[in-house]
1. Which members of region 316-334 meet the condition of being in a helix (DSSP H, G or I) and crowded, with 20+ Cβ neighbours inside 10 Å?
2. Taking the conditions exactly as written (in contact with a strand residue (DSSP E or B) (Cβ under 9 Å, 6 or more places away or on another chain), assigned by TED's automatic domain parsing to the domain that holds residue 227 and buried (at least 21 other Cβ atoms within 10 Å of the Cβ)), does residue 296 satisfy them or not?
3. Modelled with pLDDT of 90 or more, in contact with a helix residue (DSSP H, G or I) (Cβ under 9 Å, 6 or more places away or on another chain) and over 23 Å from residue 320 (Cα atoms): does that describe residue 227?
4. What are the residues in region 379-392 that are surrounded by 21 or more Cβ atoms within 10 Å (Cβ to Cβ) and more than 20 Å from residue 119 (Cβ to Cβ), if any?
5. If you go through region 245-274, how many residues are part of a loop (DSSP other than H, G, I, E, B) and either surrounded by fewer than 16 Cβ atoms within 10 Å (Cβ to Cβ) or in contact (Cβ under 8 Å) with a residue 40 or more places away in the chain (or both)?
6. Select the helices (runs of 4 or more DSSP H) contained entirely in region 102-162, then report the ones holding at least 3 residues which are touching a helix residue (DSSP H, G or I) at 6+ places or on another chain (Cβ under 6 Å) and either farther than 20 Å from residue 338 by Cα or modelled with pLDDT of 85 or more (or both).
7. Only one of these is modelled with pLDDT of 85 or more, over 23 Å from residue 383 (Cα atoms) and either touching a helix residue (DSSP H, G or I) at 6+ places or on another chain (Cβ under 7 Å) or in a loop (DSSP other than H, G, I, E, B) (or both): 312, 292. Name it.
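The values are calculated or read from the model by the stated rules, or taken from the named source; none is laboratory data. The shown structure was predicted, so the numbers you read here are calculated from the model rather than taken from an experiment. Because the Cβ atoms are built from the backbone with ideal geometry, glycine has one as well, and the counts that use them run over all protein chains shown.
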């Protein structure tokens, strides 16, 4: 193309002298510019190629990073899913263990209250089966059944008044519907007392004074409590302050060995308050969580008993003011109304914070829980439904009523 252009000028040079030199100069200039353009073009192409390579490297790097990030996310998700599955499995396992424990607890309670159940629930079933309608005669028979189970006259009257009111309000005609209503009312009556039946052993140090007449199972109960609390991770020391009965000291020593806990004891006839004093000194030096004191219970001389308990309380308040105090009264469930009388008499001389009812498996008088809580306003902390160490149970009103109503 350029040659054709310059040939034109060569032809023109023949017609116009001197133009040839101009053409040559222009040609050289143009060729030089072309060379420069080619060089620049080459540089541009190299830059373009370099830029493409850089872009490709960045893209590859980004893809690799995304792959790594994706792999990391997948791993995190898988890990989270595995952890969630493990947590669900662990939760289910824990729940199964708790369910099994609850079943075991209720089974022990259910079997331990067989005689009370026969005396209340089975008799109620028989009475309801004989009646075709809900009338005054049915109410009277139910009332007799409750009183015979040592629920107490006052508690029975309150329960029956509530039952009659609900039957009228709901216009119940079928006797079969009465049993569930009665059961719910009995639970409500126990819960209405608004008592705390649980034993708080978390707030330590705790000094527990255990009182009760001879033969009710006081020392055995102390041994079982010591074993229970130790198994729950608490340090426990026993104090043999029932010094007027030699067998009590020996028995408590035996229980301290079984439970693997310390014991503080003096010789028979020693001052109970002095034994408690030494027990407190030991508990303070060893930072013991719970100090359980077996104290005397002689109702035939209330004045001496009251003086003895007051002296022990003064020692506790003076020597260990930071310790929390509980006073547990142990009564024998097989003695029925006599046990209720003991609660009344001990309440006159001691500030009772809870009651333990032993040997409920050997009696049909389990209804005694009602007057203790409803009439005396004292929480039942534990009930014994067998000789085994795990058959001393925390009292739960709902579980208790459910166990005696099938």
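1. Within region 316-334, the subset in a helix (DSSP H, G or I) is 316-319, 333-334.
316, 333, listed by residue number.
2. Working: in contact with a strand residue (DSSP E or B) (Cβ under 9 Å, 6 or more places away or on another chain): yes; assigned by TED's automatic domain parsing to the domain that holds residue 227: yes; buried (at least 21 other Cβ atoms within 10 Å of the Cβ): yes.
Here the answer is yes, as residue 296 does meet what is asked.
3. Numbers: modelled with pLDDT of 90 or more: yes; in contact with a helix residue (DSSP H, G or I) (Cβ under 9 Å, 6 or more places away or on another chain): yes; over 23 Å from residue 320 (Cα atoms): yes.
So residue 227 fits the description; yes.
4. The first filter runs over region 379-392 and keeps only residues surrounded by 21 or more Cβ atoms within 10 Å (Cβ to Cβ), leaving 380-385, 392.
Result: 381, 382, 392.
5. Just the residues of region 245-274 that are part of a loop (DSSP other than H, G, I, E, B), to begin with: 245, 260-261, 266-271.
With the extra rule that they be either surrounded by fewer than 16 Cβ atoms within 10 Å (Cβ to Cβ) or in contact (Cβ under 8 Å) with a residue 40 or more places away in the chain (or both), the set shrinks to 245, 260, 267-269, 271.
Residues flagged as part of a loop (DSSP other than H, G, I, E, B) and either surrounded by fewer than 16 Cβ atoms within 10 Å (Cβ to Cβ) or in contact (Cβ under 8 Å) with a residue 40 or more places away in the chain (or both) within region 245-274 amount to 6.
6. Numbers: elements: 114-117, 123-130, 136-148.
It comes to 123-130, 136-148.
7. Working: 292 fails: over 23 Å from residue 383 (Cα atoms).
The unique qualifying residue is 312.
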